[in-house]
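Here the structure comes first, spelled out in structure tokens, and everything after it is commentary.
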Amino acid sequence: MLRNYQHNIKHSLITEWGRHHNVMVQMPTGTGKTHLLAAVINDHLKGEQDQCVWIVAHRRELVEQIEDTVARYGISKEDGRVKVISIQWLSRHWEDVKTEKPSLIVIDEAHHALAETYQELWLRYPEAKKLGMTATPCRLNRKGFTDLFDTLITSDCIADFIRQGWLSPFDYVSIRPNSED
């Protein structure tokens with residue numbers, strides 16, 4: 001079951017897909033991005049039977065976590081309609097998937113999407129809807145994502161999630177390089 005704020009973001013996403021093909025969603029770490037993407041995919045698959053969805057992550061560990069979460073929504077990798085793959089695997093296996101035509105491509109940790117390996121997805125599958133999920137829709141080099149994503153949906157801020165009881169309060173420290181601490 002999605003929380004109210006996840007339902008609101010999902011509704012905003014569906015609305016934005018009515019206007020834009022490529023949408024990025026920002027939600028803080030720990031607020032259920034993977035559960036939201038699983039619910040979106042589940043709804044997407046209720047359409048035509050020949051729908052194919054790819055979820056692309058940047059690390060193998062994330063692939064396994066995502067597979068476990070989407071399985072809770074009844075989306076099994078054995079079904080064949082949803083593939084959870086790492087971008088490294090995909091960049092070495094374009095020939096193995098050349099006949100597949102995903103209708104939706106979800107980019108987990110979408111702040112990595114400016115890398116050439118990800119940009120290939122836009123070149124090879126321009127007709128597929130793209131959903132970028134990230135906690136951090138900004139980069140230290142200040143380069144934006146407008147070449148890839150048409151719009152950004154933002155959730156509540158971390159402080160609001162803490163006030164609402166969805167996240168725990170926290171402290172953090174920064175340690176300088178070469179520090180003896």
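The values are calculated or read from the model by the stated rules, or taken from the named source; none is laboratory data. Quantities reported herein were computed from a predicted structural model and do not represent experimental measurements. Here the Cβ positions follow ideal geometry from the backbone for every residue, glycine too, while neighbour counts run over all protein chains shown. Each accessible area value is taken on the protein alone, full model and side chains, heavy atoms only, with ligands, DNA and RNA left out. Shrake-Rupley method; radii C 1.70, N 1.55, O 1.52, S 1.80 Å.
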Scanning the range 11-31 residue by residue, those over 21 Å from Phe149 (Cα atoms) and crowded, with 17+ Cβ neighbours inside 10 Å turn out to be Thr31
message = Among the residues in the range 56-64, are any surrounded by fewer than 11 Cβ atoms within 10 Å (Cβ to Cβ) and at pLDDT below 85?
response = yes
The number of residues in the range 1-48 that are polar (S, T, N, Q) and under 11 Å from the mean Cα position of the chain (by Cα) is 2
> Does any residue of the range 2-10 turn out to be within 11 Å of Met133 (Cα to Cα), open to solvent by less than 50 Å² (accessible area, probe 1.4 Å) and either out of contact with any Pro (no Cβ under 8 Å at 6 or more places or on another chain) or not aromatic (Phe, Trp, Tyr) (or both)?
Replying inline: no
